[in-house]
Structures are given as C-alpha cells and as structure tokens.
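Below: one structure, written as structure tokens.
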Amino acid sequence: MTHDRSRPLLAGNWKMHQTLAEARALASAVAAASRELAGADIILAPPFTALAEVRRALAGSPVGLAGQNLFWEEKGAFTGEVSAPLLKDAGCSHVIIGHSERRQHFGETDASVRKKIKSALQAGLVPIVCVGESLGEREAGRTMDVIAGQLEGGLDGLDADEAGRIVLAYEPVWAIGTGRTASPDQAEEVHGFIRGRLEESYGGELSSCAIILYGGSVKAANTCSLFKEKDIDGALVGGASLEPGSFIEIVREAIKGRKERQ
Ligand code: 13P
C-alpha cells in the first residue's frame with residue numbers, strides 16, 4: 001500500500017485490546033464500511049494474537065493490516081519477539097515503530113527505532129514512526145528540540161529512498177489517552193516543523209510527499225478541524241478506534257476535513 005497525500009490515512013492502534021471475537025467483529029465492521037469510505041486509506045493495528053483473525057476479516061477489503069511493534073533481527077532465539085518477515089508473512093503491510101508507550105515502558109530508544117525501521121523496510125513493510133514530546137518538555141519550550149532529536153536519531157543513516165517509504169506520526173505524549181487533543185494550530189506547527197526537517201535532510205520533493213499523521217485523543221468531534229491543516233495527512237487513533245462507529249465516523253470526518261482544505 002503506497003500513500004498519496006491527497007487521501008487521508010487513518011490507522012487504528014488497538015494497543016493491548018481486543019479478544020479474537022472482539023477483533024473479528026470490529027475488523028468486519030470496518031471492512032464493511034470501507035466501501036463507502038473509499039476516499040481514505042485505512043489501516044488496523046491489532047495485537048499480535050489477533051493478526052490472523054483480523055486478516056481474515058479484512059480479506060477482499062482495501063483495509064491494511066499493521067503490527068504494533070517488531071524486533072529488528074530476522075529470526076533466532078529471541079523469545080517473545082516478532083520480526084519484520086513474520087509480520088509480513090502474517091499479512092501486514094505496515095508496522096508502528098517507536099510509539100511513546102514503547103519508549104516509556106519498554107526502553108525503546110532512537111537507536112532501536114532506527115534498527116527497527118531498517119528491518120521493516122527490508123521486509124517490505126511501511127514503518128509508521130512515532131515522535132512526540134512529553135508535557136514537561138512542551139512546558140519547558142523544548143518541543144521542537146525533542147522532535148528534531150527523535151527524527152535525527154531515528155532516521156539517521158536512512159537514504160532518500162528509505163526515508164521516502166516511511167510514514168511519520170506526531171503523537172504528543174500529553175495528548176495520548178488523556179482526552180486532551182493538541183489544537184489544530186499546535187499540531188500543525190509541529191507537522192510543519194517535521195516537514196521542514198525532512199526538506200533539510202532529503203530535499204523538497206521528498207518532504208512535500210511525506211505522510212505525517214497526528215495522534216493523541218483523536219475523536220470524531222476534533223477530526224475535521226485537524227484535517228483542514230495543510231501538513232496533517234492522517235491520524236493514528238487509539239481509544240476511539242476500538243468502537244466501529246466512532247472509528248468510521250473519524251474516517252468520514254477526515255475525508256470531509258480534507259475536502260474543505262482543498
Ligand atoms: P488515543 O487516541 O487513545 O489518545 O491514543 C493515541 C495513540 O497512542 C495512537 O497510537
């Protein structure tokens with residue numbers, strides 16, 4: 001699945017939720033709705049245990065499948081880990097890398113993010129690479145420094161071809177699961193900054209095509225205004241992606257916001 005900025009990209013990050021029965025019902029509802037939501041690209045990221053179930057439910061629909069994480073080695077004695085080739089084999093087109101919850105709770109660093117991006121690209125997966133500042137960092141006026149550091153550290157050593165195949169996600173930590181969304185202006189400011197950094201590193205052609213998602217308490221009520229911003233190309237949705245009605249409404253609002261922007 002390759003992306004084009006004219007179509008909003010909506011990814012549902014289910015985190016550590018959904019039994020097989022719940023996953024099947026949710027993915028089936030999204031697959032059924034995807035026919036009338038053809039103006040957007042949609043991806044679901046279930047827990048590893050539900051990948052096969054969700055793949056079956058999505059069969060024949062345009063909805064993509066993503067892993068929530070991977071380990072960078074191809075195979076071997078790494079108990080509990082899942083590699084890029086295994087995700088690809090399970091039907092994934094995408095993989096989330098460097099989510100703030102992984103950075104916070106599981107010691108993920110920019111160096112591990114870099115290795116994970118490389119292995120994902122090598123396996124033909126689209127990495128969705130997350131960056132974002134904490135509340136303390138924002139309040140200390142360090143947002144752009146933090147984002148710049150995460151981009152520099154995470155993307156270091158990627159050539160333009162590799163960088164052109166990744167999707168970025170700006171997820172301010174203070175907005176995740178808190179009900180406190182970044183305002184469209186706050187999000188746009190950081191998205192514009194990210195695009196500017198990509199331009200400095202890889203040139204205008206790449207940066208103008210780069211897909212940058214926003215994540216953090218995205219709900220149907222705030223989606224349209226976010227998608228009117230010129231540098232917001234999609235959303236990474238957590239809590240509101242666990243219920244088919246709210247996720248489908250978010251996709252509709254994203255398509256609407258995008259139309260109003262053009
Ligand atoms: P919420 O939408 O629940 O705030 O989660 C955002 C997120 O972390 C998506 O990856």
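Annotation: lysines with alpha-carbon distance below 20 angstrom to Lys115 (same-chain offsets under eight excluded): Lys75, Lys88.
Each residue of the range 44-49 was assigned a 3J(HN,Hα) from its phi angle through the Karplus curve 6.51 cos²θ - 1.76 cosθ + 1.60 (θ = phi - 60°); the sequence is 10, 10, x, x, 3, 4 Hz, with glycine and proline shown as x. The overall shape of the range 80-125, judged from the alpha-carbon gyration tensor, is prolate: a/c is not under 1.5, and a/b is greater than b/c.
Applying a length cut-off of 20 Å (Cα extent along the axis) and a mean Kyte-Doolittle floor of -1.0 to the DSSP H helices of the chain leaves 20-34, 244-261. When the P(r) of the chain is calculated, the portion above 35 Å amounts to 8% of the C-alpha pairs. Residues Tyr170, Tyr214, Tyr202, arranged from fewest to most other Cβ atoms within 10 angstrom of their Cβ, appear as Tyr202, Tyr170, Tyr214.
Please state the shape class of the range 8-52: rounded when a/c is under 1.5, otherwise prolate if a/b exceeds b/c and oblate if not, all from the C-alpha gyration tensor. Note, shape of the range 8-52 comes out oblate.
A short reminder: the numbers here are calculations on the coordinates, not readings from a lab. This structure is a prediction, so every number in the text was calculated from the model and none was measured. No Cβ is skipped: glycine too gets one built from the backbone with ideal geometry, and neighbour counts run over all protein chains shown.
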